[in-house]
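The values are calculated or read from the model by the stated rules, or taken from the named source; none is laboratory data. Computed from a prediction, not measured in an experiment: that's the story for all the values here. Neighbour counts are summed over all protein chains in view; Cβ atoms, including those assigned to glycine, are modelled from backbone coordinates with ideal geometry.
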Amino acid sequence: MVEEIRSKKGSLIAIILRRNINPKETSFYTPSVFSQQLGLLKHKKGNIIKAHMHIPRARKVEITQEVLHIKRGRADIFLYDEDRKYMTKRTLSAGDTILLAAGGHGLEILQDSLILEIKQGPYTDKTEKEYFE
């Protein structure tokens with residue numbers, strides 16, 4: 001229910017969590033050095049998470065990583081390695097989540113979809129993206 005996709009050079013390109021994943025305990029699936037942390041927090045009824053704030057901390061982000069969660073619909077995601085070479089395609093369905101960690105990606109929407117996107121901000125403008133074939 002967890003799939004890591006790596007390039008031939010060993011770079012972690014993406015992590016997919018399928019909708020039916022059910023870990024026994026809270027689990028994180030990303031290396032601790034990633035600027036995005038992807039995990040599932042498992043709690044039993046009645047657990048209390050104390051009110052808290054995160055202490056400001058300077059962080060250096062060198063690559064934009066993004067998380068896509070398919071709320072509704074289906075899409076094919078095409079993954080490319082760090083040299084822009086096509087690697088593989090995966091179909092994502094409602095409930096699936098993918099962390100796009102490195103390399104490139106493209107999407108083909110197969111059904112009307114609602115996709116939640118989470119990435120570092122602020123998003124400045126379209127000059128942040130470099131398109132390729």
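Quick notes on this one:
- Subset of region 101-122 (residues that are over 25 Å from Tyr29 (Cα atoms) and surrounded by fewer than 10 Cβ atoms within 10 Å (Cβ to Cβ)): Asp112
- Of the criteria (1) in contact (Cβ under 8 Å) with a residue 24 or more places away in the chain; (2) of a type outside the set (Gly, Ala, Ser); (3) touching a strand residue (DSSP E or B) at 6+ places or on another chain (Cβ under 8 Å); (4) closer than 29 Å to Asp83 by Cβ, which one Gln37 fails: (1)
- Any hit, region 66-84, residues being hydroxyl-bearing (Ser, Thr, Tyr), modelled with pLDDT of 95 or more and either under 12 Å from the mean Cα position of the chain (by Cα) or surrounded by 12 or more Cβ atoms within 10 Å (Cβ to Cβ) (or both): yes
- Residue in region 16-32 that is surrounded by 17 or more Cβ atoms within 10 Å (Cβ to Cβ), part of a strand (DSSP E or B) and in contact (Cβ under 8 Å) with a residue 60 or more places away in the chain present: yes
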